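The structure appears below as C-alpha coordinates.
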Amino acid sequence: MDMHTVVVGTSGTTAEDVVAVARHGARVELSAAAVDALAAARLIVDALAAKPEPVYGVSTGFGALASRHISHELRAQLQRNIVRSHAAGMGPRVEREVVRALMFLRLKTVASGHTGVRPEVAQTMADLLNAGITPVVHEYGSLGCSGDLAPLSHCALTLMGEGDAEGPDGTVRPAGELLAAHGIAPVELAEKEGLALLNGTDGMLGMLVMALADLKNLYTSADITAALSLEALLGTDKVLAPELHAIRPHPGQGVSADNMLRVLAGSGLTGHHQDDAPRVQDAYSVRCAPQVNGAGRDTLDYAAVVAGRELASSVDNPVVLPDGRVESNGNFHGAPVAYVLDFLAIVAADLGSICERRTDRLLDKNRSHGLPPFLADDAGVDSGLMIAQYTQAALVSEMKRLAVPASADSIPSSAMQEDHVSMGWSAARKLRTAVDNLARIVAVELYAATRAVELRAAEGLVPAPASQAAVAALRAAGAEGPGPDRFLAPDLAAADRFVREGRLVAAVEPVTGPLA
(Lines give C-alpha, C1' and ligand atoms only; values in the text may rest on other atoms or scores of the structure.)
Protein backbone atom coordinates (compact mmCIF):
# COMPACT_ATOMS: atom_id res chain seq x y z
CA MET A 1 0.00 0.00 0.00
CA ASP A 2 1.30 3.43 -1.01
CA MET A 3 2.33 5.55 2.01
CA HIS A 4 1.48 8.76 0.17
CA THR A 5 -1.09 10.75 2.16
CA VAL A 6 -3.94 12.75 0.67
CA VAL A 7 -5.24 15.54 2.88
CA VAL A 8 -8.94 16.32 2.39
CA GLY A 9 -9.81 19.97 2.90
CA THR A 10 -12.88 22.12 2.35
CA SER A 11 -12.28 23.09 -1.27
CA GLY A 12 -12.46 19.84 -3.20
CA THR A 13 -9.76 17.53 -4.48
CA THR A 14 -7.73 16.74 -7.59
CA ALA A 15 -7.90 14.02 -10.19
CA GLU A 16 -4.42 12.89 -9.13
CA ASP A 17 -5.59 12.42 -5.54
CA VAL A 18 -8.61 10.40 -6.67
CA VAL A 19 -6.37 8.01 -8.61
CA ALA A 20 -3.88 7.81 -5.72
CA VAL A 21 -6.59 6.77 -3.26
CA ALA A 22 -8.65 4.59 -5.60
CA ARG A 23 -5.86 2.68 -7.32
CA HIS A 24 -2.76 3.02 -5.19
CA GLY A 25 -4.04 2.86 -1.61
CA ALA A 26 -2.95 6.35 -0.56
CA ARG A 27 -3.86 7.23 3.01
CA VAL A 28 -6.52 9.84 3.69
CA GLU A 29 -6.49 12.51 6.38
CA LEU A 30 -8.94 15.30 7.20
CA SER A 31 -7.44 18.77 7.43
CA ALA A 32 -8.01 20.85 10.57
CA ALA A 33 -10.02 23.30 8.46
CA ALA A 34 -12.28 20.49 7.29
CA VAL A 35 -12.91 19.30 10.85
CA ASP A 36 -13.80 22.87 11.88
CA ALA A 37 -16.13 23.28 8.88
CA LEU A 38 -17.84 19.98 9.68
CA ALA A 39 -18.41 21.00 13.29
CA ALA A 40 -19.73 24.46 12.34
CA ALA A 41 -22.20 23.09 9.80
CA ARG A 42 -23.37 20.48 12.29
CA LEU A 43 -24.29 23.18 14.79
CA ILE A 44 -26.61 24.67 12.16
CA VAL A 45 -28.27 21.31 11.49
CA ASP A 46 -28.70 20.61 15.21
CA ALA A 47 -30.36 24.00 15.67
CA LEU A 48 -32.80 23.34 12.83
CA ALA A 49 -33.51 19.84 14.14
CA ALA A 50 -34.61 21.37 17.46
CA LYS A 51 -37.19 23.63 15.81
CA PRO A 52 -40.82 22.59 15.32
CA GLU A 53 -40.85 23.60 11.61
CA PRO A 54 -40.10 20.75 9.20
CA VAL A 55 -36.81 20.94 7.24
CA TYR A 56 -36.26 18.60 4.29
CA GLY A 57 -33.76 15.86 5.06
CA VAL A 58 -33.53 16.88 8.71
CA SER A 59 -37.03 16.32 10.01
CA THR A 60 -38.97 15.04 6.98
CA GLY A 61 -39.16 11.96 4.81
CA PHE A 62 -37.38 11.80 1.46
CA GLY A 63 -38.26 12.13 -2.21
CA ALA A 64 -41.96 11.67 -2.81
CA LEU A 65 -42.37 11.12 0.98
CA ALA A 66 -40.95 14.53 1.91
CA SER A 67 -44.35 15.82 3.03
CA ARG A 68 -44.26 13.82 6.27
CA HIS A 69 -42.82 15.54 9.35
CA ILE A 70 -40.79 13.07 11.43
CA SER A 71 -40.86 13.29 15.22
CA HIS A 72 -37.62 13.47 17.26
CA GLU A 73 -37.85 9.92 18.54
CA LEU A 74 -38.03 8.49 14.99
CA ARG A 75 -35.28 10.48 13.32
CA ALA A 76 -32.38 8.11 14.04
CA GLN A 77 -34.52 5.30 12.68
CA LEU A 78 -35.31 7.46 9.63
CA GLN A 79 -31.60 7.85 8.82
CA ARG A 80 -30.91 4.13 9.29
CA ASN A 81 -33.91 3.25 7.19
CA ILE A 82 -32.96 5.40 4.23
CA VAL A 83 -29.57 3.69 4.06
CA ARG A 84 -30.98 0.20 4.44
CA SER A 85 -33.82 0.67 1.96
CA HIS A 86 -31.66 2.43 -0.62
CA ALA A 87 -28.96 -0.27 -0.47
CA ALA A 88 -30.96 -2.14 -3.10
CA GLY A 89 -28.35 -2.74 -5.79
CA MET A 90 -28.28 -5.88 -7.91
CA GLY A 91 -25.95 -7.59 -10.32
CA PRO A 92 -22.18 -8.16 -10.37
CA ARG A 93 -19.88 -6.46 -7.91
CA VAL A 94 -18.37 -3.14 -8.91
CA GLU A 95 -14.56 -3.03 -9.06
CA ARG A 96 -12.63 -2.17 -5.90
CA GLU A 97 -11.04 0.95 -7.40
CA VAL A 98 -14.45 2.35 -8.34
CA VAL A 99 -15.81 1.84 -4.83
CA ARG A 100 -12.75 3.46 -3.27
CA ALA A 101 -13.14 6.44 -5.60
CA LEU A 102 -16.84 6.61 -4.68
CA MET A 103 -16.06 6.62 -0.97
CA PHE A 104 -13.26 9.15 -1.26
CA LEU A 105 -15.29 11.58 -3.35
CA ARG A 106 -18.21 11.38 -0.95
CA LEU A 107 -15.79 12.18 1.86
CA LYS A 108 -14.56 15.14 -0.22
CA THR A 109 -18.09 16.62 -0.31
CA VAL A 110 -18.76 15.82 3.35
CA ALA A 111 -15.52 17.59 4.32
CA SER A 112 -16.63 20.77 2.52
CA GLY A 113 -18.82 21.69 5.47
CA HIS A 114 -21.94 22.00 3.32
CA THR A 115 -23.60 18.72 4.31
CA GLY A 116 -24.08 18.99 8.07
CA VAL A 117 -22.42 15.64 8.78
CA ARG A 118 -20.58 15.34 12.12
CA PRO A 119 -16.77 15.20 12.11
CA GLU A 120 -16.77 11.71 13.61
CA VAL A 121 -18.73 10.33 10.65
CA ALA A 122 -16.25 11.85 8.20
CA GLN A 123 -13.36 10.41 10.21
CA THR A 124 -14.92 6.95 10.09
CA MET A 125 -15.17 7.26 6.31
CA ALA A 126 -11.45 8.00 6.20
CA ASP A 127 -10.76 5.12 8.58
CA LEU A 128 -12.52 2.66 6.25
CA LEU A 129 -10.42 3.79 3.30
CA ASN A 130 -7.20 3.59 5.30
CA ALA A 131 -8.06 0.12 6.57
CA GLY A 132 -8.61 -1.14 3.02
CA ILE A 133 -12.24 -2.04 3.74
CA THR A 134 -14.28 -1.88 0.53
CA PRO A 135 -18.09 -2.15 0.64
CA VAL A 136 -19.75 -4.58 -1.75
CA VAL A 137 -21.46 -2.38 -4.37
CA HIS A 138 -23.51 -3.78 -7.23
CA GLU A 139 -23.69 -2.87 -10.91
CA TYR A 140 -27.32 -1.71 -11.00
CA GLY A 141 -29.10 0.76 -8.75
CA SER A 142 -28.22 4.28 -9.87
CA LEU A 143 -30.15 6.47 -12.28
CA GLY A 144 -27.59 9.25 -11.94
CA CYS A 145 -29.96 11.66 -10.22
CA SER A 146 -30.39 12.35 -6.52
CA GLY A 147 -26.90 10.96 -6.63
CA ASP A 148 -25.61 7.45 -7.23
CA LEU A 149 -28.13 6.34 -4.65
CA ALA A 150 -27.82 2.58 -4.37
CA PRO A 151 -24.01 2.48 -4.74
CA LEU A 152 -23.55 5.17 -2.08
CA SER A 153 -26.08 3.46 0.16
CA HIS A 154 -24.10 0.24 0.14
CA CYS A 155 -21.08 2.27 1.25
CA ALA A 156 -23.07 3.98 4.00
CA LEU A 157 -24.36 0.58 5.12
CA THR A 158 -20.77 -0.51 5.77
CA LEU A 159 -20.23 2.62 7.89
CA MET A 160 -23.14 1.40 10.02
CA GLY A 161 -21.50 -2.01 10.36
CA GLU A 162 -24.11 -3.72 8.19
CA GLY A 163 -24.06 -5.55 4.87
CA ASP A 164 -20.98 -7.10 3.29
CA ALA A 165 -17.55 -5.68 2.54
CA GLU A 166 -14.21 -6.84 1.23
CA GLY A 167 -11.24 -6.76 3.55
CA PRO A 168 -7.70 -5.78 2.57
CA ASP A 169 -6.97 -9.46 1.92
CA GLY A 170 -9.73 -9.62 -0.72
CA THR A 171 -12.09 -11.74 1.38
CA VAL A 172 -15.73 -10.68 1.59
CA ARG A 173 -17.09 -10.77 5.15
CA PRO A 174 -19.92 -9.17 7.14
CA ALA A 175 -19.04 -5.49 7.49
CA GLY A 176 -19.47 -5.55 11.25
CA GLU A 177 -16.77 -8.21 11.58
CA LEU A 178 -14.36 -6.24 9.41
CA LEU A 179 -14.91 -3.01 11.33
CA ALA A 180 -14.36 -4.80 14.63
CA ALA A 181 -11.18 -6.45 13.34
CA HIS A 182 -9.76 -3.02 12.54
CA GLY A 183 -10.95 -1.31 15.70
CA ILE A 184 -13.49 0.88 13.91
CA ALA A 185 -16.77 1.62 15.68
CA PRO A 186 -19.90 1.62 13.49
CA VAL A 187 -21.56 5.02 13.20
CA GLU A 188 -24.97 5.86 14.63
CA LEU A 189 -26.43 8.26 12.11
CA ALA A 190 -28.06 11.48 13.33
CA GLU A 191 -30.40 13.91 11.53
CA LYS A 192 -29.60 14.46 7.85
CA GLU A 193 -26.53 12.20 7.87
CA GLY A 194 -28.09 9.24 6.10
CA LEU A 195 -29.31 11.46 3.30
CA ALA A 196 -25.99 13.33 3.08
CA LEU A 197 -24.11 10.08 2.53
CA LEU A 198 -26.25 9.16 -0.49
CA ASN A 199 -26.74 12.36 -2.50
CA GLY A 200 -23.84 12.68 -4.92
CA THR A 201 -22.37 12.09 -8.37
CA ASP A 202 -19.38 10.40 -6.77
CA GLY A 203 -19.51 7.06 -8.58
CA MET A 204 -19.84 8.47 -12.07
CA LEU A 205 -17.24 11.16 -11.27
CA GLY A 206 -14.73 8.62 -9.94
CA MET A 207 -15.11 6.53 -13.09
CA LEU A 208 -14.71 9.65 -15.25
CA VAL A 209 -11.48 10.60 -13.51
CA MET A 210 -9.99 7.13 -13.91
CA ALA A 211 -11.14 6.89 -17.54
CA LEU A 212 -9.40 10.18 -18.29
CA ALA A 213 -6.16 8.84 -16.81
CA ASP A 214 -6.42 5.65 -18.87
CA LEU A 215 -7.40 7.44 -22.08
CA LYS A 216 -4.51 9.87 -21.84
CA ASN A 217 -2.15 6.90 -21.98
CA LEU A 218 -4.14 5.22 -24.76
CA TYR A 219 -4.23 8.31 -26.95
CA THR A 220 -0.46 8.72 -26.72
CA SER A 221 -0.09 4.99 -27.38
CA ALA A 222 -2.37 5.29 -30.42
CA ASP A 223 -0.22 8.12 -31.82
CA ILE A 224 2.75 5.75 -31.56
CA THR A 225 0.96 2.81 -33.19
CA ALA A 226 -0.33 5.07 -35.98
CA ALA A 227 3.25 6.17 -36.64
CA LEU A 228 4.44 2.56 -36.68
CA SER A 229 1.67 1.63 -39.14
CA LEU A 230 2.51 4.60 -41.39
CA GLU A 231 6.12 3.50 -41.34
CA ALA A 232 5.33 -0.15 -42.07
CA LEU A 233 3.11 0.91 -45.00
CA LEU A 234 5.95 3.01 -46.43
CA GLY A 235 3.81 6.10 -45.99
CA THR A 236 4.90 9.70 -46.03
CA ASP A 237 5.51 11.74 -42.93
CA LYS A 238 5.15 14.99 -44.89
CA VAL A 239 1.48 15.14 -43.83
CA LEU A 240 2.66 15.58 -40.24
CA ALA A 241 4.48 18.86 -40.92
CA PRO A 242 3.65 21.51 -38.28
CA GLU A 243 2.77 24.14 -40.88
CA LEU A 244 -0.04 21.94 -42.22
CA HIS A 245 -1.61 21.59 -38.79
CA ALA A 246 -1.12 25.25 -37.95
CA ILE A 247 -3.66 26.23 -40.61
CA ARG A 248 -6.32 24.11 -38.90
CA PRO A 249 -5.44 24.96 -35.31
CA HIS A 250 -7.27 22.35 -33.29
CA PRO A 251 -4.87 21.83 -30.35
CA GLY A 252 -5.10 18.04 -30.15
CA GLN A 253 -4.46 17.61 -33.85
CA GLY A 254 -1.16 19.46 -33.60
CA VAL A 255 -0.16 17.43 -30.54
CA SER A 256 -0.87 14.09 -32.24
CA ALA A 257 0.97 15.11 -35.41
CA ASP A 258 3.98 16.18 -33.36
CA ASN A 259 3.97 12.90 -31.43
CA MET A 260 3.90 10.90 -34.66
CA LEU A 261 6.60 13.02 -36.28
CA ARG A 262 8.92 12.49 -33.33
CA VAL A 263 8.36 8.72 -33.37
CA LEU A 264 9.19 8.64 -37.10
CA ALA A 265 12.33 10.80 -36.86
CA GLY A 266 15.24 9.09 -38.64
CA SER A 267 13.09 6.44 -40.36
CA GLY A 268 14.35 4.84 -43.53
CA LEU A 269 10.89 3.48 -44.36
CA THR A 270 8.88 6.67 -44.93
CA GLY A 271 8.49 8.48 -48.22
CA HIS A 272 8.58 5.57 -50.70
CA HIS A 273 5.45 6.66 -52.58
CA GLN A 274 7.17 6.69 -55.97
CA ASP A 275 8.93 3.34 -55.67
CA ASP A 276 7.60 0.08 -57.16
CA ALA A 277 3.96 0.81 -56.28
CA PRO A 278 3.58 4.58 -56.75
CA ARG A 279 0.78 6.45 -55.00
CA VAL A 280 -0.06 10.09 -54.63
CA GLN A 281 -1.53 9.99 -51.11
CA ASP A 282 -1.83 7.58 -48.22
CA ALA A 283 -5.24 6.22 -47.21
CA TYR A 284 -7.33 8.25 -44.81
CA SER A 285 -6.69 5.92 -41.86
CA VAL A 286 -2.98 6.72 -42.22
CA ARG A 287 -3.04 10.30 -43.46
CA CYS A 288 -5.82 11.53 -41.14
CA ALA A 289 -4.60 9.90 -37.93
CA PRO A 290 -3.69 13.26 -36.32
CA GLN A 291 -7.10 14.68 -37.15
CA VAL A 292 -9.00 11.77 -35.58
CA ASN A 293 -6.65 11.24 -32.63
CA GLY A 294 -6.48 14.99 -32.09
CA ALA A 295 -10.24 15.50 -32.03
CA GLY A 296 -10.41 12.82 -29.37
CA ARG A 297 -7.69 14.58 -27.39
CA ASP A 298 -9.68 17.83 -27.48
CA THR A 299 -12.72 15.95 -26.19
CA LEU A 300 -10.60 14.56 -23.34
CA ASP A 301 -9.54 18.10 -22.50
CA TYR A 302 -13.17 19.26 -22.30
CA ALA A 303 -14.09 16.24 -20.15
CA ALA A 304 -11.19 17.09 -17.82
CA VAL A 305 -12.58 20.62 -17.41
CA VAL A 306 -15.96 19.20 -16.39
CA ALA A 307 -14.30 16.73 -14.03
CA GLY A 308 -12.29 19.55 -12.46
CA ARG A 309 -15.43 21.57 -11.80
CA GLU A 310 -17.15 18.57 -10.25
CA LEU A 311 -14.10 17.78 -8.12
CA ALA A 312 -14.39 21.30 -6.69
CA SER A 313 -18.13 20.93 -6.03
CA SER A 314 -20.18 20.09 -2.96
CA VAL A 315 -23.01 17.93 -4.21
CA ASP A 316 -25.76 17.33 -1.67
CA ASN A 317 -29.41 18.13 -1.05
CA PRO A 318 -30.21 20.05 1.05
CA VAL A 319 -26.96 21.99 1.58
CA VAL A 320 -25.75 24.13 4.45
CA LEU A 321 -24.83 27.59 3.13
CA PRO A 322 -22.25 29.90 4.73
CA ASP A 323 -24.98 32.26 5.96
CA GLY A 324 -26.60 29.44 7.94
CA ARG A 325 -29.44 28.64 5.57
CA VAL A 326 -30.19 25.01 4.70
CA GLU A 327 -31.60 25.00 1.17
CA SER A 328 -32.90 22.37 -1.24
CA ASN A 329 -31.36 22.31 -4.72
CA GLY A 330 -30.85 20.18 -7.81
CA ASN A 331 -27.05 20.00 -7.85
CA PHE A 332 -27.13 16.21 -7.52
CA HIS A 333 -28.33 15.87 -11.13
CA GLY A 334 -25.61 14.05 -13.06
CA ALA A 335 -26.17 15.63 -16.50
CA PRO A 336 -22.83 17.50 -16.76
CA VAL A 337 -20.86 14.36 -15.93
CA ALA A 338 -23.10 12.01 -17.91
CA TYR A 339 -22.68 13.99 -21.12
CA VAL A 340 -18.88 13.89 -21.10
CA LEU A 341 -18.87 10.20 -20.17
CA ASP A 342 -20.89 9.59 -23.34
CA PHE A 343 -18.67 11.92 -25.39
CA LEU A 344 -15.65 9.88 -24.32
CA ALA A 345 -17.31 6.62 -25.34
CA ILE A 346 -17.91 8.10 -28.81
CA VAL A 347 -14.33 9.25 -29.35
CA ALA A 348 -12.94 6.00 -27.95
CA ALA A 349 -15.05 4.06 -30.46
CA ASP A 350 -13.78 6.19 -33.34
CA LEU A 351 -10.18 5.83 -32.24
CA GLY A 352 -10.65 2.07 -32.09
CA SER A 353 -12.21 2.13 -35.56
CA ILE A 354 -9.30 3.93 -37.22
CA CYS A 355 -6.78 1.66 -35.46
CA GLU A 356 -8.56 -1.39 -36.86
CA ARG A 357 -8.58 0.05 -40.40
CA ARG A 358 -4.81 0.45 -40.32
CA THR A 359 -4.40 -3.09 -38.99
CA ASP A 360 -6.54 -4.48 -41.80
CA ARG A 361 -4.47 -2.55 -44.35
CA LEU A 362 -1.24 -4.02 -42.95
CA LEU A 363 -2.66 -7.53 -43.41
CA ASP A 364 -4.08 -7.11 -46.94
CA LYS A 365 -1.46 -7.91 -49.62
CA ASN A 366 -3.35 -5.72 -52.11
CA ARG A 367 -3.01 -2.61 -49.93
CA SER A 368 0.10 -3.19 -47.81
CA HIS A 369 2.66 -2.27 -50.48
CA GLY A 370 4.63 -5.47 -50.49
CA LEU A 371 4.03 -7.06 -47.10
CA PRO A 372 3.11 -10.78 -47.04
CA PRO A 373 -0.59 -11.69 -46.74
CA PHE A 374 -1.70 -11.40 -43.11
CA LEU A 375 1.99 -10.89 -42.22
CA ALA A 376 2.24 -14.69 -42.32
CA ASP A 377 5.53 -16.58 -42.47
CA ASP A 378 4.34 -18.96 -45.23
CA ALA A 379 0.92 -17.69 -46.34
CA GLY A 380 -1.46 -20.56 -46.93
CA VAL A 381 0.34 -22.86 -44.58
CA ASP A 382 0.31 -20.06 -42.01
CA SER A 383 -2.64 -17.75 -41.32
CA GLY A 384 -0.51 -15.11 -39.61
CA LEU A 385 -2.54 -12.39 -37.91
CA MET A 386 -5.79 -13.05 -39.78
CA ILE A 387 -7.83 -13.86 -36.68
CA ALA A 388 -6.11 -11.26 -34.53
CA GLN A 389 -7.80 -8.75 -36.83
CA TYR A 390 -11.12 -10.60 -36.39
CA THR A 391 -10.76 -10.17 -32.65
CA GLN A 392 -9.95 -6.51 -33.11
CA ALA A 393 -12.96 -6.07 -35.40
CA ALA A 394 -15.26 -7.70 -32.85
CA LEU A 395 -13.97 -5.29 -30.20
CA VAL A 396 -14.55 -2.32 -32.51
CA SER A 397 -18.09 -3.47 -33.22
CA GLU A 398 -18.82 -3.62 -29.50
CA MET A 399 -17.26 -0.18 -29.07
CA LYS A 400 -19.80 1.22 -31.54
CA ARG A 401 -22.64 -0.24 -29.49
CA LEU A 402 -21.13 1.19 -26.31
CA ALA A 403 -21.00 4.63 -27.98
CA VAL A 404 -24.80 4.87 -27.95
CA PRO A 405 -25.36 7.58 -25.32
CA ALA A 406 -26.90 6.63 -22.00
CA SER A 407 -27.53 10.30 -21.17
CA ALA A 408 -30.09 10.60 -23.97
CA ASP A 409 -32.34 8.35 -21.90
CA SER A 410 -34.41 9.16 -18.83
CA ILE A 411 -36.88 7.08 -16.86
CA PRO A 412 -39.13 8.57 -14.16
CA SER A 413 -38.85 7.34 -10.58
CA SER A 414 -40.02 8.06 -7.02
CA ALA A 415 -43.69 8.41 -7.92
CA MET A 416 -42.81 10.99 -10.62
CA GLN A 417 -41.02 13.28 -8.15
CA GLU A 418 -37.73 12.38 -9.80
CA ASP A 419 -39.13 12.62 -13.30
CA HIS A 420 -35.91 13.35 -15.22
CA VAL A 421 -32.66 11.52 -14.54
CA SER A 422 -29.19 11.54 -16.11
CA MET A 423 -28.27 7.84 -16.36
CA GLY A 424 -24.71 8.99 -15.66
CA TRP A 425 -23.78 5.86 -13.73
CA SER A 426 -24.77 3.75 -16.74
CA ALA A 427 -22.70 6.02 -19.01
CA ALA A 428 -19.73 5.52 -16.71
CA ARG A 429 -20.12 1.76 -16.55
CA LYS A 430 -20.17 1.35 -20.32
CA LEU A 431 -17.24 3.75 -20.70
CA ARG A 432 -15.15 1.49 -18.47
CA THR A 433 -15.83 -1.40 -20.85
CA ALA A 434 -15.04 0.83 -23.81
CA VAL A 435 -11.69 1.87 -22.30
CA ASP A 436 -10.78 -1.78 -21.67
CA ASN A 437 -11.68 -2.66 -25.26
CA LEU A 438 -9.73 0.28 -26.66
CA ALA A 439 -6.56 -0.89 -24.92
CA ARG A 440 -6.97 -4.27 -26.62
CA ILE A 441 -7.61 -2.67 -30.02
CA VAL A 442 -4.50 -0.49 -29.77
CA ALA A 443 -2.53 -3.55 -28.66
CA VAL A 444 -3.54 -5.50 -31.77
CA GLU A 445 -2.46 -2.64 -34.04
CA LEU A 446 0.83 -2.44 -32.14
CA TYR A 447 1.39 -6.17 -32.53
CA ALA A 448 0.68 -6.06 -36.27
CA ALA A 449 2.66 -2.86 -36.90
CA THR A 450 5.76 -4.07 -35.05
CA ARG A 451 5.70 -7.34 -36.97
CA ALA A 452 5.37 -5.42 -40.24
CA VAL A 453 8.23 -3.06 -39.31
CA GLU A 454 10.45 -6.06 -38.54
CA LEU A 455 9.58 -7.60 -41.93
CA ARG A 456 10.56 -4.34 -43.62
CA ALA A 457 13.82 -4.31 -41.65
CA ALA A 458 14.57 -7.82 -42.91
CA GLU A 459 14.38 -6.36 -46.43
CA GLY A 460 17.13 -3.90 -45.54
CA LEU A 461 15.04 -0.82 -44.70
CA VAL A 462 16.01 0.81 -41.40
CA PRO A 463 13.14 1.71 -39.02
CA ALA A 464 13.18 4.86 -36.92
CA PRO A 465 15.12 4.60 -33.64
CA ALA A 466 11.89 5.06 -31.66
CA SER A 467 10.26 2.25 -33.64
CA GLN A 468 13.20 0.00 -32.90
CA ALA A 469 12.86 0.82 -29.20
CA ALA A 470 9.13 -0.04 -29.27
CA VAL A 471 9.78 -3.34 -31.02
CA ALA A 472 12.55 -4.35 -28.62
CA ALA A 473 10.50 -3.50 -25.53
CA LEU A 474 7.42 -5.33 -26.81
CA ARG A 475 9.45 -8.45 -27.58
CA ALA A 476 11.02 -8.31 -24.13
CA ALA A 477 7.50 -8.11 -22.68
CA GLY A 478 6.64 -11.51 -24.17
CA ALA A 479 4.98 -10.65 -27.49
CA GLU A 480 7.07 -12.51 -30.06
CA GLY A 481 8.04 -11.32 -33.52
CA PRO A 482 7.54 -12.76 -37.05
CA GLY A 483 7.66 -16.51 -37.57
CA PRO A 484 5.49 -19.58 -38.17
CA ASP A 485 2.02 -19.70 -36.66
CA ARG A 486 1.83 -20.25 -32.91
CA PHE A 487 -0.70 -19.94 -30.10
CA LEU A 488 -1.43 -16.24 -30.52
CA ALA A 489 -3.60 -15.33 -27.53
CA PRO A 490 -0.68 -15.10 -25.05
CA ASP A 491 1.18 -12.73 -27.40
CA LEU A 492 -1.88 -10.49 -27.71
CA ALA A 493 -2.39 -10.54 -23.95
CA ALA A 494 1.23 -9.49 -23.47
CA ALA A 495 0.75 -6.63 -25.94
CA ASP A 496 -2.42 -5.58 -24.12
CA ARG A 497 -0.61 -5.40 -20.78
CA PHE A 498 2.27 -3.55 -22.44
CA VAL A 499 -0.06 -0.84 -23.76
CA ARG A 500 -2.38 -0.68 -20.75
CA GLU A 501 0.46 -0.25 -18.26
CA GLY A 502 1.99 2.63 -20.21
CA ARG A 503 5.09 0.67 -21.19
CA LEU A 504 4.78 1.51 -24.89
CA VAL A 505 4.99 5.22 -24.14
CA ALA A 506 7.82 4.60 -21.68
CA ALA A 507 9.74 2.58 -24.29
CA VAL A 508 9.85 5.33 -26.92
CA GLU A 509 10.21 8.44 -24.77
CA PRO A 510 13.95 7.95 -24.12
CA VAL A 511 14.31 8.40 -27.89
CA THR A 512 11.58 10.95 -28.65
CA GLY A 513 11.59 12.92 -25.42
CA PRO A 514 8.32 13.28 -23.44
CA LEU A 515 5.25 12.77 -25.61
CA ALA A 516 2.01 14.62 -24.91
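Of all residues in region 1-12 being assigned to a loop (DSSP other than H, G, I, E, B) and open to solvent by less than 80 Å² (accessible area, probe 1.4 Å), which is farthest from Val110 (Cα to Cα)? It comes out as Asp2.
Return yes or no: is Ala479 open to solvent by less than 30 Å² (accessible area, probe 1.4 Å), without any contact (Cβ under 8 Å) to a residue 60 or more places away in the chain and assigned to a helix (DSSP H, G or I)?
Details: open to solvent by less than 30 Å² (accessible area, probe 1.4 Å): yes; without any contact (Cβ under 8 Å) to a residue 60 or more places away in the chain: yes; assigned to a helix (DSSP H, G or I): no.
No.
One residue alone among Asp436, Asp342, Asp350 is out of contact with any helix residue (DSSP H, G or I) (no Cβ under 7 Å at 6 or more places or on another chain) and of a type in the set (D, E, K, R), and that residue is Asp436.
Any idea which of Ala408, Ala495 is part of a loop (DSSP other than H, G, I, E, B) and either in contact with a Phe, Trp or Tyr (Cβ under 6 Å, 6 or more places away or on another chain) or under 25 Å from Asp350 (Cα atoms) (or both)?
Working: Ala495 fails: part of a loop (DSSP other than H, G, I, E, B).
Just a single option satisfies the conditions, and that option is Ala408.
Filter region 484-504 down to residues that are of a type outside the set (A, V, I, L, M) and under 12 Å from Leu385 (Cβ atoms) and give me whichever is surrounded by the fewest Cβ atoms within 10 Å (Cβ to Cβ). Among them, the one singled out is Arg486. The lone criterion from (1) open to solvent by 10 Å² or more (accessible area, probe 1.4 Å); (2) out of contact with any helix residue (DSSP H, G or I) (no Cβ under 8 Å at 6 or more places or on another chain); (3) over 12 Å from Leu438 (Cα atoms) left unmet by Glu418 is number (2).
The set of residues in region 297-333 that are hydroxyl-bearing (Ser, Thr, Tyr) and either open to solvent by less than 70 Å² (accessible area, probe 1.4 Å) or modelled with pLDDT of 90 or more (or both) comprises Thr299, Tyr302, Ser313, Ser314.
Checking Arg75 against (1) open to solvent by 20 Å² or more (accessible area, probe 1.4 Å); (2) at pLDDT below 95; (3) among the charged types (D, E, K, R), which test does it fail? All conditions are met except number (1).
Every test in (1) touching an Asp or Glu at 6+ places or on another chain (Cβ under 6 Å); (2) assigned to a helix (DSSP H, G or I); (3) free of Cβ contacts under 8 Å to residues at least 60 places away in the same chain is passed by Gly91 save one, and that test is (2). Condition first: more than 30 Å from Ala47 (Cα to Cα) and in contact with a strand residue (DSSP E or B) (Cβ under 8 Å, 6 or more places away or on another chain). Now tell me which residues in region 82-122 satisfy that. Listed by number, the residues that qualify are Gly89, Met90, Gly91, Pro92, Arg93, Val94, Arg96, Val99, Arg100.
Evaluate the following for Met399: is it more than 19 Å from Leu504 (Cβ to Cβ), open to solvent by less than 10 Å² (accessible area, probe 1.4 Å) and out of contact with any strand residue (DSSP E or B) (no Cβ under 6 Å at 6 or more places or on another chain)? So Met399 fits the description; yes.
In this entry, Pro514 passes the filter for residues that are within 18 Å of Val263 (Cβ to Cβ) and either in a loop (DSSP other than H, G, I, E, B) or among the aromatic types (Phe, Trp, Tyr) (or both).
Report yes if some residue within region 422-429 is part of a loop (DSSP other than H, G, I, E, B), more than 12 Å from the chain's Cα centre (by Cα) and at negative phi; otherwise report no. Don't jump to the end; show me each part of the working.
Quick first cut of region 422-429, residues part of a loop (DSSP other than H, G, I, E, B) only: 422-423.
Right, trim to more than 12 Å from the chain's Cα centre (by Cα) and you get 422-423.
If we keep only those that are at negative phi too, we end up with 422.
Within region 422-429, one or more residues are part of a loop (DSSP other than H, G, I, E, B), more than 12 Å from the chain's Cα centre (by Cα) and at negative phi.
Beta carbons closer than 9 Å, at least 6 apart along the sequence or on distinct chains, pair a first residue in region 117-131 that is hydroxyl-bearing (Ser, Thr, Tyr) with a second that is in a helix (DSSP H, G or I) and at pLDDT 95 or above for Thr124/Leu159; Thr124/Leu179. A single entry from Ala33, Ala22 fulfils the requirement of being at pLDDT 90 or above and in contact with a Ser or Thr (Cβ under 6 Å, 6 or more places away or on another chain): Ala33.
Can you tell me which residues in region 54-69 are hydroxyl-bearing (Ser, Thr, Tyr) and either assigned to a helix (DSSP H, G or I) or open to solvent by 20 Å² or more (accessible area, probe 1.4 Å) (or both)? Full working, then the answer.
So in region 54-69, the residues hydroxyl-bearing (Ser, Thr, Tyr) come out as 56, 59-60, 67.
Tyr56, Ser67 - these are the residues of region 54-69 that are hydroxyl-bearing (Ser, Thr, Tyr) and either assigned to a helix (DSSP H, G or I) or open to solvent by 20 Å² or more (accessible area, probe 1.4 Å) (or both).
What are the residues in region 306-345 that are acidic (Asp, Glu) and on the phi > 0 side of the Ramachandran plot, if any? Result: no residue meets the conditions. Restricting attention to region 13-53, the residues that are under 27 Å from Glu95 (Cα atoms) and either open to solvent by 20 Å² or more (accessible area, probe 1.4 Å) or outside any loop (DSSP other than H, G, I, E, B) (or both) total 16.
Close contacts from region 381-402, counting a first residue that is at positive phi and a second that is open to solvent by 20 Å² or more (accessible area, probe 1.4 Å) and in a helix (DSSP H, G or I), with Cβ to Cβ under 8 Å and a gap of 6+ residues or different chains, come to Gly384/Pro373; Gly384/Phe374.
Output the helices (runs of 4 or more DSSP H) that fall wholly within region 249-322 and possess 1 or more residues being more than 20 Å from Ala345 (Cα to Cα), acidic (Asp, Glu) and touching a residue at least 60 places away in the same chain (Cβ under 8 Å), or say none. Outline the logic, then answer.
Working: elements: 251-264, 284-287, 289-311.
The helices (runs of 4 or more DSSP H) meeting that bar are 251-264.
The values are calculated or read from the model by the stated rules, or taken from the named source; none is laboratory data. Only a predicted model underlies this, so the values are computations on that prediction, with no experimental measurement involved. Please note: Cβ atoms are built from the backbone with ideal geometry, for glycine as well, and neighbour counts cover all protein chains shown. Just so you know, the surface numbers come from the protein's heavy atoms only, side chains and all, with ligands and any DNA or RNA stripped out. Shrake-Rupley method; radii C 1.70, N 1.55, O 1.52, S 1.80 Å.
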